[in-house]
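Trainee: Input: one structure, supplied below.
The values are calculated or read from the model by the stated rules, or taken from the named source; none is laboratory data. Being a predicted model, the structure only gives us computed values, none of them experimental. Positions of Cβ are backbone-derived with ideal geometry, glycine not excepted, and every protein chain shown enters the neighbour counts.
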Amino acid sequence: MSDILVKAKAIEEYIINFRRVLHEEPELSGQEFKTQEKIMKELDKLQIPYRKVGNTSIVATLKGGKDGKTVALRGDIDALPINEESGVEFSSKNPGIMHGCGHDAHAAMVLGAAKILSEMKDDIKGTVRFFFQEGEETFSGAKKIIEEGGMDGVDACLGMHGMPTLDVGSVNVVPGYRLSGCDTIYVTFEGVSGHGSAPHLAKDTIHPACIFVTDIQGIITKNVDPQEPVVLSVGKFIGGTKANIISKYTEIEISMRYFDTKVREIVHEAIKRHGKAIADAFEIKVDVKIEESTPSLYNDEDLAALANRSATKVFGEGHNLPMSRQMASEDMPYYFQKLKGVYAFIGYRNEAKGCIYPPHHEKFKIDEDYMKYGTAFHVQFALDFLNE
């Protein structure tokens, strides 16, 4: 067992207890005021200076005894609008809100890393910043920390997420794309309303919109390299007000997932082109608006190699397991746009304990044994990067 994992194991009860405190009082994105207070209270005890940023985020800074580089460790803190059915004794006390994505554990592990590193302060070469970030679920928190200077002077950044596809004691950290980018695309068809008995005197939008919905899947099969994954999911379709009224407006909302930015541009242009072609065919208008939620996440090759070495020290040889890149998204890539970074998946799965459910599930539950590994990994990576 590595020296850092031994240190994490020594404070395991502290990490778990703090996670449970957060779990009992979950707060939605941008509303994490009590969560912020609890974290600040612990940072005060550790004598680590910090400042508030955004609505409820915290940037804490630990300066080592020697000058050097700066590394940032990020933990998200927001919860989800879910009624908890996990069955744990420390279940949410806030009806309709649940830490169903494990951000309580992420924050606790970063705090645990801060505690360990604060006790090694004089021997640290450089500076460690700890981001306790609001609003990951709404893709808003990372931007707030960046806008308020949280990344200024940082040389590298680490993020992670617990995963149900990896057993406790396992990790996945490799170079390249790891999470998809996400866009929301709003398409509105505008025609001319009229009576249902005389459709030729109006310009219907529901029929053309239906054609458009089925048509856009052809963009993926005919315009995109088949080795580049793209997902277009129509999640919202609203048209009409009454059976005998020709619908003047039909509105569509599409969730798009992608990795490669060039593919993203191809699909965006194709959606606009197909929308216009269908609108022209039916003599109606179309408006396409594209809202970027978060870019795709790409692990820097050199940092991924360093993180692999750190993981080997903590998890042991052969525990950095293969895992496919995910079509899920989060806002960590905004940090990576500022400088190089790396993102890891850490296993919380334990079938014997019922820890098998994915994030955003009402029965989501982690094996808390995984938290000492996550804490140690944060510490080990920070030290390895600063000493490199």
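Trainee: When Thr312 is evaluated against the numbered criteria (1) surrounded by fewer than 22 Cβ atoms within 10 Å (Cβ to Cβ); (2) touching a residue at least 60 places away in the same chain (Cβ under 8 Å); (3) not small (Gly, Ala, Ser), which criterion, by number, is the only one it fails?
Mentor: So the condition that Thr312 fails would be (2).
Trainee: To continue, here is another question. Any residue that is within 30 Å of Lys143 (Cα to Cα) and either in contact (Cβ under 8 Å) with a residue 12 or more places away in the chain or not acidic (Asp, Glu) (or both) - is there at least one of those in region 274-287?
Mentor: Taking every residue of region 274-287 in turn, at least one turns out to be within 30 Å of Lys143 (Cα to Cα) and either in contact (Cβ under 8 Å) with a residue 12 or more places away in the chain or not acidic (Asp, Glu) (or both).
Trainee: Can I ask one more? Just to be sure, is Leu166 within 22 Å of Ala376 (Cβ to Cβ) and either modelled with pLDDT of 95 or more or in the same structural domain as Asn350 (by TED's automatic domain parsing) (or both)?
Mentor: yes
Trainee: Filter region 124-153 down to residues that are farther than 28 Å from Leu80 by Cβ and crowded, with 19+ Cβ neighbours inside 10 Å, then give me how many there are. Lay out the reasoning, then the answer.
Mentor: Of region 124-153, the ones farther than 28 Å from Leu80 by Cβ are 124-128, 149, 152-153.
Filter once more, so that each one left must be crowded, with 19+ Cβ neighbours inside 10 Å: 124, 126-128.
Here the count works out to 4.
Trainee: Residue check: is Ala108 closer than 17 Å to Ile16 by Cα, modelled with pLDDT of 95 or more, outside any loop (DSSP other than H, G, I, E, B) and touching a Ser or Thr at 6+ places or on another chain (Cβ under 7 Å)?
Mentor: no
Trainee: Same structure again: Taking interchain pairs and intrachain pairs at least six residues apart, which have beta carbon atoms under 9 angstrom, with the first residue in region 173-196 and under 17 Å from Cys210 (Cβ atoms) and touching a residue at least 60 places away in the same chain (Cβ under 8 Å) and the second aromatic (Phe, Trp, Tyr) and not in a loop (DSSP other than H, G, I, E, B)?
Mentor: Val187/Phe212; Thr188/Tyr249; Phe189/Phe212; Phe189/Tyr249; Glu190/Tyr249; Gly191/Tyr249
Trainee: Do we find a residue being among the charged types (D, E, K, R), outside the structural domain of Arg309 (by TED's automatic domain parsing) and within 30 Å of Asp302 (Cβ to Cβ) anywhere in region 189-208?
Mentor: Our first condition is that a residue be among the charged types (D, E, K, R); within region 189-208, this holds for 190, 203-204.
Keeping just the survivors that are outside the structural domain of Arg309 (by TED's automatic domain parsing) gives 190, 203-204.
Going one step further and asking which of them are within 30 Å of Asp302 (Cβ to Cβ), we end up with none.
Within region 189-208 (the criterion being among the charged types (D, E, K, R), outside the structural domain of Arg309 (by TED's automatic domain parsing) and within 30 Å of Asp302 (Cβ to Cβ)), the answer is no, since none of the residues qualifies.
Trainee: Still on this structure, I have one more. Name the residues in region 353-384 that are touching a helix residue (DSSP H, G or I) at 6+ places or on another chain (Cβ under 8 Å), part of a helix (DSSP H, G or I) and of a type in the set (D, E, K, R), would you?
Mentor: Lys372, Asp384
Trainee: Going residue by residue through region 218-234, is there one that turns out to be buried (at least 18 other Cβ atoms within 10 Å of the Cβ), among the polar types (S, T, N, Q) and not in a strand (DSSP E or B)?
Mentor: Checked region 218-234: no residue is buried (at least 18 other Cβ atoms within 10 Å of the Cβ), among the polar types (S, T, N, Q) and not in a strand (DSSP E or B).
Trainee: Go through (1) surrounded by 15 or more Cβ atoms within 10 Å (Cβ to Cβ); (2) in contact (Cβ under 8 Å) with a residue 24 or more places away in the chain for Lys38 and report which single condition fails.
Mentor: (2)
Trainee: Can you name the condition, by its number, that Phe381 falls short on among (1) touching a residue at least 60 places away in the same chain (Cβ under 8 Å); (2) closer than 15 Å to Asp167 by Cβ; (3) among the hydrophobic types (A, V, I, L, M, F, W, C)?
Mentor: Result: Phe381 fails condition (2) only.
Trainee: Additional query: Mind checking which pairs have a first residue in region 15-26 that is under 18 Å from Pro95 (Cβ atoms) and assigned by TED's automatic domain parsing to the domain that holds His99 and a second that is part of a helix (DSSP H, G or I) and not small (Gly, Ala, Ser), Cβ under 7 Å, 6 or more apart or different chains?
Mentor: Qualifying pairs under 7 Å: Leu22/Thr35; Leu22/Lys38; Leu22/Asp104; His23/Asp104; Glu25/Lys34.
For (1) buried (at least 20 other Cβ atoms within 10 Å of the Cβ); (2) in the same structural domain as Gln31 (by TED's automatic domain parsing); (3) in contact with a helix residue (DSSP H, G or I) (Cβ under 7 Å, 6 or more places away or on another chain), each residue gets a yes or a no:
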{"site": "Glu85", "(1), (2), (3)": "no, yes, no"}
{"site": "Gly100", "(1), (2), (3)": "yes, yes, no"}
{"site": "Asp104", "(1), (2), (3)": "yes, yes, yes"}
{"site": "Ala107", "(1), (2), (3)": "yes, yes, yes"}
{"site": "Leu111", "(1), (2), (3)": "yes, yes, yes"}
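Trainee: Does Val53 satisfy the criteria of being aliphatic (A, V, I, L, M), more than 24 Å from Phe364 (Cα to Cα) and in contact with a Phe, Trp or Tyr (Cβ under 8 Å, 6 or more places away or on another chain)? Full working, then the answer.
Mentor: Details: aliphatic (A, V, I, L, M): yes; more than 24 Å from Phe364 (Cα to Cα): yes; in contact with a Phe, Trp or Tyr (Cβ under 8 Å, 6 or more places away or on another chain): no.
Spelling it out, it is not the case that Val53 is aliphatic (A, V, I, L, M), more than 24 Å from Phe364 (Cα to Cα) and in contact with a Phe, Trp or Tyr (Cβ under 8 Å, 6 or more places away or on another chain).
Trainee: Determine whether Glu269 is in the same structural domain as Gly191 (by TED's automatic domain parsing) and either polar (S, T, N, Q) or exposed (fewer than 15 other Cβ atoms within 10 Å of the Cβ) (or both).
Mentor: yes
Trainee: Hey, another quick one. For Met40, state whether it is over 25 Å from Asn83 (Cβ atoms), of a type outside the set (Ser, Thr, Tyr) and modelled with pLDDT under 95.
Mentor: So Met40 fails the test.
Trainee: Give me the pairs, please: first residue somewhere in region 331-358 and farther than 16 Å from Val168 by Cβ, second residue anywhere and acidic (Asp, Glu) and outside any helix (DSSP H, G or I), beta-carbon distance under 7 Å, and either six or more positions apart or on two chains.
Mentor: Pairs that qualify, where the first residue is farther than 16 Å from Val168 by Cβ and the partner is acidic (Asp, Glu) and outside any helix (DSSP H, G or I), are Asp331/Glu136; Leu339/Asp155; Lys340/Asp300; Gly341/Asp300; Val342/Asp300.
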